[in-house]
Amino acid sequence: MTHQAAIVTLNEDLLPAMKEVGDKFGSGELILPFVLKSAECMKASVAELEKYLLKEEGSSKGRLVLGTVYGDVHDIGKNLVKTIFENNGYTVYDLGKQVPMQKFIEKIEEVNADAIGLSALLVSTSKQMQYFVEHARKNNMKIPVLCGGAAINSNYINRVAKEGGIYTSGVFYCKTMFDGLKMMDKLVSPEKQQFIQEWHEKIEKWKEPTFEKVEVSEFAHSGIVPVTPPVCTNLNNVIRLEPKDIDLNEIWKYLNKKSLFVLSWGVRGQSAKDSEQEHEVLFQEWKKKIVDEKLFEPSAVYGYFACHNKDGKLVVDHPNGEKLLFDFPRSSKSKHLCLTDYFGKDDVVAFQAVTVGTKVSDLIDKWNKEDRYTDAYYLHGIAVETAEAMAEWINHKIREDLKIGDKRGLRYSWGYPSCPDVSQHHIVWKLLEPQKSGMTLTEAGQIIPEQSTAAIVVHHPEAEYFTL
């Protein structure tokens, strides 16, 4: 039997409190871990109130189908969206990661969803958002689309919404989970039609920003002159390190704490200064927990190969005699840099791949299901930064092997500006066989588990990071 006091508590105390939390996060007064702690408290409170609430009382404000698009294995952002929406009274149907379009469409029809939320981290996978909207437009679907993720911006989403005729039900860019929540609130409110009409008028007026396109001539060159390659006694040798070979305390000496606290743990502004010591204590506690409970299963693989700069492409000799081709893009910036330019006609190149293991992703999923959002968030952050620290540790070993010193031997990871095409991971996997160390690839070339990285190491003394 429904108890009126439970409805009052939910609608007049808990939901307004979560709204205040969201507003404070948006204005920079609250850091994300505190938001998640609030969400844990909210979830526990709602679980208690549900004993006194009947579902048919309309306790759900609306239905959202949510997922990370096909080809994309990242879901920390999507998980946060689910947490915040559920704690603000919505029913969320989370389809997970790498979700094919058909699965989204079937779920929307099955639950009669009020909106769909699409998440993507990479430029390549964000195209799935465009494909969904094109399908929805062609099939006269009436579902509003909420889009979020690091690879997209409002211009991209506006273009998706407008190309081929404005998608009438709306395609909305959500920079943060709370932006998405505000839009969802509008989409289930009596002002829905007015909100969509105003969006429609804004999109009609929107014009694609114009950027001066710089054509890069096929004859453009950086002027980089290859150097004598370092002596490599390990040529065609792949070195594989298993968990028993890796001391995490040694790895953590290479961890960038600023990146951990600010980028991965979301400590910003005055909060970062006020709680620096507190986060250092937290870091030490997590390190102990990870080692004591064996939460990470780190492994790494790296190797050295003969390579050749041929016709502007980097040709790498596989020990089995096969020639593997890397076609790196050339920058349109003034120096016209390209990774291939750093190598000579007969040279040496190193590749590396590292992971913290598959156990982490399973544990993060488990903790999210148990409403341990804060722990899951902290573990995800330290796992990502530990993978990066492992990459730096292996890079240091490569520099030592090649006797090139710490000022040489830059590592370039796919997905970053100088080599954006993650599908080239498939070529690296032929050379290093990281699958033997538990690292697999999606069709698009993303590494599973997510807390892993791969890189090409360039020994040239003038190597630098650049954008295209």
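The values are calculated or read from the model by the stated rules, or taken from the named source; none is laboratory data. Treat the numbers as computed from the prediction; the structure is a model and nothing was measured. Here the Cβ positions follow ideal geometry from the backbone for every residue, glycine too, while neighbour counts run over all protein chains shown. Areas reflect the complete protein model, heavy atoms only, side chains present, ligands, DNA and RNA absent. Shrake-Rupley method; radii C 1.70, N 1.55, O 1.52, S 1.80 Å.
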Revision key, fill the gap. Subset of region 338-383, residues of a type in the set (D, E, K, R) and over 21 Å from the mean Cα position of the chain (by Cα), comes to Asp341, Lys345, Asp346, Asp347, Glu370, Asp371
Check your understanding: Pick from region 353-363 the residues that are open to solvent by 10 Å² or more (accessible area, probe 1.4 Å) and either in a loop (DSSP other than H, G, I, E, B) or in contact (Cβ under 8 Å) with a residue 40 or more places away in the chain (or both): which of them is nearest to Ile394 (Cα to Cα)?
Key -> Thr358
**Study point:** Given (1) open to solvent by less than 20 Å² (accessible area, probe 1.4 Å); (2) more than 30 Å from Asp247 (Cβ to Cβ); (3) touching a residue at least 40 places away in the same chain (Cβ under 8 Å), number of the condition His318 does not satisfy
**Key:** (1)
Review point. How many residues are of a type in the set (A, V, I, L, M) and open to solvent by 50 Å² or more (accessible area, probe 1.4 Å) when one looks only at region 18-46?
Key: 1
Check your understanding: In the set Glu388, Glu400, which member is of a type outside the set (A, V, I, L, M), touching a residue at least 12 places away in the same chain (Cβ under 8 Å) and open to solvent by 50 Å² or more (accessible area, probe 1.4 Å)?
Key -> Glu388
Check your understanding: Among the residues of region 249-261, is there at least one that is touching a residue at least 60 places away in the same chain (Cβ under 8 Å), of a type in the set (A, V, I, L, M) and either under 20 Å from Lys397 (Cα atoms) or open to solvent by 60 Å² or more (accessible area, probe 1.4 Å) (or both)?
Key -> yes
Review point. Would a scan of region 336-344 turn up a residue that is open to solvent by less than 50 Å² (accessible area, probe 1.4 Å), assigned to a loop (DSSP other than H, G, I, E, B), within 30 Å of Ile246 (Cα to Cα) and touching a strand residue (DSSP E or B) at 6+ places or on another chain (Cβ under 8 Å)?
Key: no
Check your understanding: What about Asn79, is it touching a residue at least 12 places away in the same chain (Cβ under 8 Å) and in a loop (DSSP other than H, G, I, E, B)?
Key -> no
Point to revise | Condition check for Lys103: in a helix (DSSP H, G or I), under 25 Å from Met42 (Cβ atoms) and of a type in the set (Lys, Arg) | key: no
Exercise for review: May I ask you to say which residue of His380, His460, His425 is under 28 Å from Lys333 (Cβ atoms) and assigned to a helix (DSSP H, G or I)?
Suggested key: His425
Check your understanding: Which condition number in (1) modelled with pLDDT of 95 or more; (2) among the hydrophobic types (A, V, I, L, M, F, W, C); (3) under 25 Å from the mean Cα position of the chain (by Cα) is the one that Val160 fails?
Key -> (1)
Check your understanding: Do we have Val291 as open to solvent by 60 Å² or more (accessible area, probe 1.4 Å), closer than 30 Å to Ile364 by Cα, modelled with pLDDT of 95 or more and of a type outside the set (D, E, K, R) here?
Key -> yes
Revision key, fill the gap. Ser126 vs (1) in a loop (DSSP other than H, G, I, E, B); (2) among the hydroxyl-bearing types (Ser, Thr, Tyr); (3) under 23 Å from the mean Cα position of the chain (by Cα): all pass except (1)
Exercise for review: Spot the failing condition for Glu450; the list is (1) in contact (Cβ under 8 Å) with a residue 40 or more places away in the chain; (2) surrounded by fewer than 16 Cβ atoms within 10 Å (Cβ to Cβ); (3) over 20 Å from His336 (Cβ atoms), and only one is missed.
Suggested key: (2)
Revision key, fill the gap. Checked region 147-167 for anything outside any loop (DSSP other than H, G, I, E, B) and without any contact (Cβ under 8 Å) to a residue 40 or more places away in the chain; matches are Cys147, Ser154, Tyr156, Ile157, Val160
Check your understanding: For region 103-148, what are the residues that are among the acidic types (Asp, Glu) and in contact with a helix residue (DSSP H, G or I) (Cβ under 7 Å, 6 or more places away or on another chain)?
Key -> Asp114
Practice item. Return the pairs, sorted by first residue and then second, in which the second residue is charged (D, E, K, R), the first residue lies in region 323-352 and is over 20 Å from Tyr302 (Cα atoms), the beta carbons are less than 7 Å apart, and the residues are 6+ apart or on different chains. Key: Asp327/Lys313; His336/Arg330; Cys338/Arg330
Exercise for review: Of the conditions (1) surrounded by 23 or more Cβ atoms within 10 Å (Cβ to Cβ); (2) out of contact with any Ser or Thr (no Cβ under 7 Å at 6 or more places or on another chain); (3) over 18 Å from Gln424 (Cβ atoms), Ser299 clears all except one; give me its number.
Suggested key: (2)
Exercise for review: Please work out if Ile84 is under 21 Å from Lys369 (Cα atoms), of a type outside the set (D, E, K, R) and surrounded by 24 or more Cβ atoms within 10 Å (Cβ to Cβ).
Suggested key: yes
Point to revise | Selection from region 165-208 of residues that are open to solvent by 50 Å² or more (accessible area, probe 1.4 Å), within 28 Å of the chain's Cα centre (by Cα) and among the β-branched types (Val, Ile, Thr) | key: Thr176
Review point. Could we say that Asp371 is at positive phi and either open to solvent by 20 Å² or more (accessible area, probe 1.4 Å) or without any contact (Cβ under 8 Å) to a residue 12 or more places away in the chain (or both) here?
Key: yes
